[in-house]
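Below you'll find the structure, written out as structure tokens, and then a few comments.
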Amino acid sequence: MNALRQWLAGGPGQVATRAAAAVALAWLVLLPSLGAGDSTLFTMTLMFTSVAVAINWNLTGGFTGYVDFGHAVWFGLGAYVTAILMSLQANSLGIGWPPVPAIVIGASAAGALAALIGRATMRLKGPYFSIAMLGTFVAVREIVRIWGGLTGGGVGLTLPPYLNRQLFYYVELVLVVGLAALVWWLRRTRFGAALVAIREDELGAEMRGIATTRLKVATFSFAGASTGLFGGLWAYQNTFVDPDIAFTEARTLDAIMGTLLGGLGTVAGPVLGSVALYWLREVLWANLLDYHLVAQGVLLILVVLLVPRGIVGAFDRRGRSVRRLWRSPPSGAGTPAGSPTEADLPDLPDGPDSPDLPDATHSGQAAAAGGTRGDRDRPGPGRAGLEGAGIVKRFGGLTAVDGVDIEVAPGEMVGLIGPNGSGKTTLFDCLSRVVNADGGAIRLDGADISGLAPHRVARLGVSRTFQIIRVYRDLTVRENMELSIQWGGIGLRGLFRRTDSATRAKAEQLMELLMLDGLSDEPAGTLSGGQRRLLEIGMALMSDPRLVLLDEATSGVNPSLVEDIKDRLRVINEQGVAFLLVEHNVGFVADLCERVVVLDAGSKLAEGTPRQVMDDPAVVEAYFGAAGRSGEAAAHDPGGRTEGCET
Amino acid sequence: MAILLLACVPLAAACSDGPDDPAGARPEAGSGEFAGTVRLGAALSETGRYAVEGRDSRQGYDTWLTWVNETYGGIRVGDQRYRAEIVYYDDESDADTAGNLTQRLIDDDRVDFLLGPYSSGLTTGTSAIAEANDVLMVEGNGTSDTMFERGFRNLFLVATIASDYTRSGIEALAARGARTAVIAHEDTSFATAVARGAVRHLEANGIEVLAVETYPKDIQDTSAIMTKFRDLDPDLFVGGGHYNDAVLFVNSAEELGFEPGGMLITVGPSNPKLVEELGDDVHGVLGPTQWEPSMAYRGPYFGSAADYSGYYESLWGEPPVYQAASATAAALALHLAIEAAGSTDTGAVRAALRELSADTFYGPISFDDRGVNVSKPMGMVQVLDGEIVVVAPDGAATATLQYPLGDGAAGQGGSGSSGLGRLPQAIVNGIALGGMYAVLVLGFSVIWGVMGVINFAHGEFVMVGAYLAWLANDLWGVDPFLSVPAVFAVMTVLGYGVQRVLVDRVIDRPHLVSLLVMFGLAIILQNAMKLVFSADFRRADTALDGSWRVTDSLTVPVTRFWILVIALGVLAGLSLMLSRTRLGKGIRAAAQNREAARIVGIDVSKVYLATFALCIGITGAAGALVSPVLAVQPFQGPPLTLKAFAITAMAGLGSVRGALGGAMVLGLIEAGLAVYVEGVGTSLAVVASFVILVAALVLRPQGLFGGLRPVDATAA
């Protein structure tokens, strides 16, 4: 009911849109009573089918970013399972399976198979996933053809004709409107936001505690089941299936074209686009005859090149439609984020030295998590924090990390320094489980976490930032923050709720603390390097971490801001959050940390207070080489900035 | 329903006789001599894959329409005469559309009766709608048996049903001493029904069926099936399903030296196009026909078959094919039933159809309980010296059946049909196939490796190159092997243009953009070529054909051998070019690291332009090279693109050696499956590459071998 109230509220533009939607819906409900004949209803039912398939395609292709080139396989599977059940019995007993259970089982079978296949193929990214699904589509169609005993082979299966157009019309109308409403609602829940996070940056989402594999496979499976449902209904209406009409590439192509035309990754896009496409077809079909297929190819190219954001995008300037059609392939020699050109941060007002942060990080988490999470799995004072013992990581012949022991006690601030290529980031990746260590153990409060998925580690209260900044570039700063909650405590119900007020309040406070409050509605991609760095720190803090792994927090940041960051980190640390900092800026580390670990060539070179390690001749040697002892002065200058030249 | 509304006052003003009269009351608006109108309706394919047959069917219906209104004087219902009219819609050869239009004919146009669409597939769906609405449908061009096993009351077929297609032919061949047979059929409704019927008729006539093979629709290569059959050495080959399959069977039989005493091909031999396309190779091939103008049938309406043919030709300027005659006969059967019933009431006309027994130009017509015309036998034609002549049944025959052909009827039983005996041939077929795949995949692999663009229109460039070679062959008789350099040049220019106009715009854009844009280009090329050349399979003739017989069970197809030789030459040439020339080094540099290549002064966009143009040139030349072997047709591209993807993802992006290795592996797997798996081997071979593709990506996302750029399918 809340959803309904929200739907009814809104600005004048929204009211107009919603009024139009309501009128359209009323017209659709009344259409049969307005004298529409069976053939009109039949046409409309076919249109509902393409709208539904496009909505389902958009769930994975638009929201989650997995462009499925074989989506029609679920349609065909739903149709075939339904047809097999309905004709199986008709042959032997003279009565067919009733259509409703047959269609429901058909949809479930499509969903189950989608889950199974999705688990395998969704490990692939970008075009590889697309083509793997196209291959799956063709392979399944041919297997259906070969498996003649069950499927009737190329001859197909015939169903008892039952053609109540009006009933089909209403059934499909209810289903398609329900599906659209469900997706509209889903997009507003944390689940929907998490899908978009996966599209924007899957690894980042995983690192921030989102169970990416489970969510994307669940979505894929739901889309498969839903498309399978419409496939079953179609088979029943068509009274006949064979491999070529049940599995047609055109159905996938229509879903893609409809969604692109309407607006990829939007709720209304696939609906508007499919209807527009249907109408466009009639026009092309009537006037171009055989040329209409050629025209369709031209249309596809024009839409992709000229209106990549579709109908919705054209009307909605700062809307949710995907700004870029797809993430660009990383170029061979990409410029890492945080290069000096991005480092300038325009004069931001100096924030208060120690802004009060009563609820922001620590005591606020209980409220933020709705009290469900509580302090149960938090470490009590004095308990062991994160501990890595004998960690080894090899890349081919190179041993990047060679048996390093490291620990961070609760509330401690530890620095991890070392020259370029000494293995700092690799060690980080091992600790946060982005990569699998080849040896050693990782323990959190004494419990072994070396086998956990990254999102599990995040849910235990370990969050991190990245050397190459990872933010969701197409989402606003606020959305970025609100997506980085502690996903561990929300449970299934929380997953299907909208962002709550406590989360919003916490995001506001953190944005204020990090001087991002003026930018909260800007897309993160438009921020400068330094601002993005702050945003990333803010995102790491949103999940009420007990330990934050900060990778190069000052790299690419305007020097005037470095002091501010230092102050903010200190404030947060005072509230009990532990930090492990990888830094080039030795001075920054020396100021903040009571303990510093020095890595060189994958091994621990030294450990101790900043003073101790900087006096260690081995460290000086490693940093400046035999010829570089004159640089010692810089290392001794606590406020000095020994910028690494690593970029 | 279907109540004929009585005529209202005839209007003085002359109106057109279009189908746009408002539904409901139907006053006769023409001459005034008709008491009303009987309205028929049909969804027919004006566009799509059945466009040609759809047009023939429509001309057949219109022949009856013109005749009944102008010559015959209208349908006699009781004492009155009714004008006939037919409402047509274009079903785009699409089942959903045909169903929808049939519903529209019933609801909006309120037709009294329906005439059938073209093809079994479309008739199956539309007849279910007719049945549910209790409207009669009489048809002549959907003959699949399954349709008549549904117990429908409203569907009637004037043509011979699919399972009886081969009956008269098999009877004639059995009488001439045929004792063994093999069958290969397309795995579709119609072809399966024909083949099942053939098995029945063969066994009933004491002919042993040695093997039955199925193959998927749109098959490109039947040599594996022919390899198996050659080893069985049967008297008869029975096969087919589609016009295009006939081209493939005749070709690969010739290529592999398979010479049965008789080849009975379901669809194709009655079509003059086949003789035109294949020339001497098609000599002696047998095929069924529903009807030929030379048949000795006659009836009170239209006169004899020849008279009908003359009338048809006077209307349309071309002789009728059997699809047209079947359509005319369907309309005529309905017409006769209406007159016999003296009413247009569905129940009365249905009863009259069941009772109908008429002699017509098309043959005798009478329906059994299923609604199938069982009194008309199928005819059989044989291609003799470039002429299509009717050789069975005796009543309709105009020439003597020639059987056996040549000396191939010895029938000493299978020679090397053991598993091991087939191995050399399977390996030869696999290597030949691999050689073709290698040259076909090369351009795709290099474009992906160098530019990072997945050329989804790759197969279409192959197709365009193949058409160019075919065209040169067809117009000027140029051997396709000789036209390869010219095709290379033309396609290089085309590649240059496509790169400038299209690819350049998407190269730095996300993958989805380039995928979709190239996909759009593929759709355009396929359908444009189809509009120009139709969807018929073509084949370029080469002087380097035939086969070398190494042993009894091993032949080396000459054409494929030379394709392999040239393919290896192209691969070696490209490999040298990449490693030795400046351009080659630039290409490799740009593939490794575009930014770095720019910094050291390589004009990367020029390198891309050269790469794309060169690769499209190679791809088109590959198409020309395989044009004598793989069927040339507008939709040959997509399977090739997917195979290219499978081989490239397995073998490394842009790796020449990998392309060769991957292609050989795929070729050998496909040939092995097709030769060794009984029955569905050819279908399994089609699936193989897709299963390999998905499995290779999922199990080893980082690729099997290195290439110009690393494969990493799990990194975005």
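The values are calculated or read from the model by the stated rules, or taken from the named source; none is laboratory data. Values in this document were obtained by computation on a predicted structure and should not be read as measured data. We place every Cβ from the backbone using ideal geometry, glycine too, and count neighbours over all the protein chains shown. The area values use the complete protein model at the heavy-atom level, side chains included, leaving out ligands, DNA and RNA. Shrake-Rupley method; radii C 1.70, N 1.55, O 1.52, S 1.80 Å.
Put +1 on the Cβ of every Lys and Arg and -1 on every Asp and Glu Cβ in chain B; which of B:ASN154, B:ALA466, B:PHE612 then has its Cα farthest towards the positive end of the dipole?
B:PHE612
Label segment A:435-582 by shape, choosing from rounded, prolate and oblate, from the square roots a ≥ b ≥ c of the eigenvalues of the Cα gyration tensor; if a/c is under 1.5 it is rounded, and otherwise prolate applies when a/b is larger than b/c, oblate when it is not. Let's see the in-between values first.
On the way: a/c = 1.68, a/b = 1.21, b/c = 1.39.
It comes out oblate by the Cα gyration axes.
Rank by packing, highest mean first: peptides B:693-700, B:314-321, A:299-306, A:596-603, with packing defined as the count of other Cβ atoms within 10 Å averaged across residues.
Details: B:693-700: 19.8, B:314-321: 14.9, A:299-306: 17.5, A:596-603: 21.8.
Result, highest mean Cβ count within 10 Å first: A:596-603, B:693-700, A:299-306, B:314-321.
Between A:ALA276 and B:ARG505, what FRET efficiency follows from the Cβ-Cβ distance if R0 is 25 Å, with the result rounded to 0.05?
According to the calculation, E is roughly 0.55.
Is the shape of segment B:614-682 best called rounded, prolate or oblate, per the rule: a/c under 1.5 gives rounded, else a/b larger than b/c gives prolate, else oblate, with a ≥ b ≥ c the square roots of the Cα gyration tensor eigenvalues?
Details: a/c = 2.15, a/b = 1.23, b/c = 1.75.
Since a/c reaches 1.5 but b/c is at least a/b, the shape of segment B:614-682 is classed as oblate.
Can you spot the lysines whose alpha carbon is less than 20 Å from A:LYS424's alpha carbon? Ignore those fewer than 8 places along the same chain.
A:LYS393, A:LYS604
Between B:MET577 and B:LEU384, what FRET efficiency comes out of the Förster formula 1/(1 + (r/R0)^6) with R0 = 51 Å and r the beta carbon distance, rounded to 0.05? Intermediate values should be presented prior to the final figure.
On the way: r = 52 Å, r/R0 = 1.02.
The formula returns an efficiency of 0.45 here.
Would you compute, from DSSP H runs of 4+ residues alone, the mean residue ellipticity of the protein assembly as shown at 222 nm, taking -39500 (n - 2.57) per run and dividing by the full residue count, rounded to the nearest 500?
Working: 50 runs with 695 residues, N = 1363.
That comes out to -16500 deg cm²/dmol.
Could you compute how much accessible area chains B and A hide from each other, both sides summed, with a 1.4 Å probe? Nearest 100 Å² is fine.
Values: alone 27520 and 27730 Å², together 49110 Å².
Buried area between the two chains comes out at roughly 6100 Å².
What is the helix-to-structure angle for B:243-256, meaning the angle in degrees between its Cα long axis and the longest Cα principal axis of chain B, kept from 0 to 90 and rounded to the nearest 10?
50 degrees
For segment A:236-277, which whole-number percentage of the solvent-accessible area (1.4 Å probe, protein heavy atoms only) is attributable to carbon and sulfur atoms?
Values: 600 of 860 Å².
Carbon and sulfur atoms account for 71 percent of the accessible area of segment A:236-277.
How much length is gained on full extension from A:ALA26 to A:SER603, taking 0.36 nm per residue of separation minus their Cα-Cα distance? Write out the running numbers ahead of the final one.
Values: separation 577, 0.36 × 577 = 207.72 nm, distance 7.07 nm.
My answer for the length gained is 200.6 nm.
Under the classification rounded if a/c is under 1.5, otherwise prolate if a/b is larger than b/c and oblate if not, where does segment B:472-521 fall, given a ≥ b ≥ c as square roots of the Cα gyration tensor eigenvalues? It would help to have the intermediate numbers written out before the result.
Working: a/c = 4.15, a/b = 2.90, b/c = 1.43.
Taking the square roots of the gyration eigenvalues as a ≥ b ≥ c, segment B:472-521 is prolate.
Report the net charge of residues surrounding B:ARG538, where surrounding means a beta-carbon distance below 11 angstrom and charges are Lys +1, Arg +1, Asp -1, Glu -1. Don't jump to the answer; show the numbers that get you there.
Values: positive: B:LYS273, B:ARG539; negative: B:GLU276, B:GLU277, B:ASP474, B:ASP536, B:ASP541.
Every neighbour counted, the sum reads -3.
So if we plug the beta-carbon distance of B:ARG76 and A:ASN164 into 1/(1 + (r/R0)^6) with R0 = 45 Å, what FRET efficiency do we get, rounded to 0.05?
On the way: r = 38 Å, r/R0 = 0.84.
Given R0 = 45 Å and the Cβ-Cβ separation, E is 0.75.
Label points 7 Å out from Cα along the Cβ direction at A:ALA453 and B:ASP280: separation in nm?
Using points 7 Å along Cα→Cβ, the separation is 6.9 nm.
Charges at C-beta only: +1 for Lys and Arg, -1 for Asp and Glu. How large is the resulting dipole of the protein assembly as shown about its Cα centre, in Debye rounded to 20?
Numbers: 101 positive and 136 negative charges, 610 e Å.
In total the dipole reaches around 2920 debye.
Please name the residues of segment A:225-244 whose accessible area, counted over protein heavy atoms with a 1.4 angstrom probe, falls by no less than 10 Å² between the chain alone and the full protein assembly.
Listed by number, the residues meeting the 10 Å² cut-off are A:TRP234, A:ASN238, A:THR239, A:PHE240, A:ASP244.
Note down the net charge around B:GLY681, summing +1 for each Lys or Arg and -1 for each Asp or Glu among other residues with Cβ under 14 Å from its Cβ.
Working: positive: A:ARG145, B:LYS228, B:ARG422; negative: A:GLU142, B:ASP187, B:GLU213, B:ASP221, B:ASP231, B:GLU670, B:GLU678.
Once all neighbours under 14 Å are counted, the net charge is -4.
Could you work out how far apart the two model spin labels at B:LYS585 and B:ASP307 are, taking each label as a point 7 Å from the Cα in the direction of the beta carbon, and quote it in nm?
With each label placed 7 Å out from Cα toward Cβ, I get 8.5 nm.
For helix B:511-533, report the angle its Cα long axis makes with the longest principal axis of the Cα atoms of chain B; keep it between 0 and 90° and round to the nearest 10°.
50 degrees
Percent antiparallel among DSSP beta bridges with both residues in the protein assembly as shown, to the nearest 5? Walk me through the intermediate numbers first.
On the way: 47 of 97 bridges.
Around 50 percent of the beta bridges assigned by DSSP in the protein assembly as shown are antiparallel ones.
Specify the angular offset, from 0 to 90 degrees and rounded to the nearest 10, of the alpha carbon long axis of helix B:305-316 from the longest principal axis of the alpha carbons in chain B.
70 degrees
Checking buried surface per residue: for segment A:140-162, which residues lose a minimum of 10 Å² accessible area in the protein assembly relative to the chain alone (1.4 Å probe)?
A:GLU142, A:ILE143, A:ARG145, A:ILE146, A:GLY154, A:VAL155, A:THR158, A:PRO161
How many angstrom lie between the Cα centre of segment A:544-607 and the Cα centre of segment A:114-172?
That distance is 53 Å.
For segment B:435-448, just list the computed ³J(HN,Hα) in residue order, Karplus coefficients 6.51, -1.76 and 1.60, θ = phi - 60°, integers in Hz, with x standing in for Gly and Pro.
For segment B:435-448, the Karplus curve yields x, 5, 4, 4, 6, 6, 8, 3, x, 4, 5, 5, 4, 5 Hz.
Using modelled backbone amide H atoms (1.01 Å from N, in-plane), which distant-in-sequence or interchain residues come within less than 5 Å of B:VAL267's amide H?
Long-range HN contacts for B:VAL267: B:GLY241, B:HIS242.
Going 7 Å from the Cα of A:GLU621 along its beta-carbon direction, which residues of segment A:388-411 have the amide nitrogen within less than 19 Å of the resulting point?
Those under the cut-off are A:402.
For segment A:193-244, with only Lys/Arg (+1) and Asp/Glu (-1) charged at the beta-carbon, what is the dipole magnitude about the Cα centre, in debye rounded to 20? Spell out each step's value before the answer.
Working: 4 positive and 6 negative charges, 50 e Å.
In debye, rounded to 20, segment A:193-244 gives about 240.
If I stretch the segment between A:ALA389 and A:VAL307 completely, what's the gain in nm (0.36 nm per residue apart, minus their alpha carbon distance), one decimal? If you can, show how the numbers build up before the last one.
Details: separation 82, 0.36 × 82 = 29.52 nm, distance 5.39 nm.
Residue separation times 0.36 nm, minus the Cα-Cα distance, leaves 24.1 nm.
Quick one: net charge around A:GLY35, please, counting Lys, Arg +1 and Asp, Glu -1 for every other residue with C-beta under 13 Å from its C-beta.
Values: positive: none; negative: A:ASP38, B:ASP107, B:ASP108.
Net of charged neighbours comes to -3.
Protein chains only, probe 1.4 Å: how do B:MET664, A:MET481 rank by accessible area, largest first? Please list the in-between numbers first.
Working: B:MET664 40, A:MET481 0 Å².
Of B:MET664, A:MET481, the descending order of accessible area is B:MET664, A:MET481.
On full extension of the chain, what length is gained from B:ARG354 through B:GLU595, given 0.36 nm per residue of separation minus the C-alpha to C-alpha distance? Before the final figure, lay out the partial values.
On the way: separation 241, 0.36 × 241 = 86.76 nm, distance 7.94 nm.
The span from B:ARG354 to B:GLU595 would gain 78.8 nm if fully extended.
Taking the Cα centroid of segment B:373-407 and of segment B:135-191, what is the distance between the two, rounded to the nearest whole Å?
17 Å
So, in nm, how far is label B:LEU315 from label B:SER375 when the simple model puts each one 7 Å beyond its Cα toward the Cβ?
Spacing of the two 7 Å Cα→Cβ label points: 2.3 nm.
Once you've got the Cα coordinates, tell me which of A:LYS125/B:LYS217; A:LYS125/B:LYS530; A:LYS125/B:LYS643; B:LYS530/B:LYS643 are over 26 Å apart. Each step should come with its number before you reach the end.
Details: A:LYS125/B:LYS217 32 Å; A:LYS125/B:LYS530 34 Å; A:LYS125/B:LYS643 20 Å; B:LYS530/B:LYS643 22 Å.
Among A:LYS125/B:LYS217; A:LYS125/B:LYS530; A:LYS125/B:LYS643; B:LYS530/B:LYS643, the Cα-Cα distance tops 26 Å for A:LYS125/B:LYS217; A:LYS125/B:LYS530.
Treating the beta-carbon of each Lys and Arg as +1 and of each Asp and Glu as -1, no other charges, what is the dipole magnitude of chain B about its Cα centre, to the nearest 20 debye?
Numbers: 46 positive and 74 negative charges, 672 e Å.
Dipole size: approximately 3220 debye.
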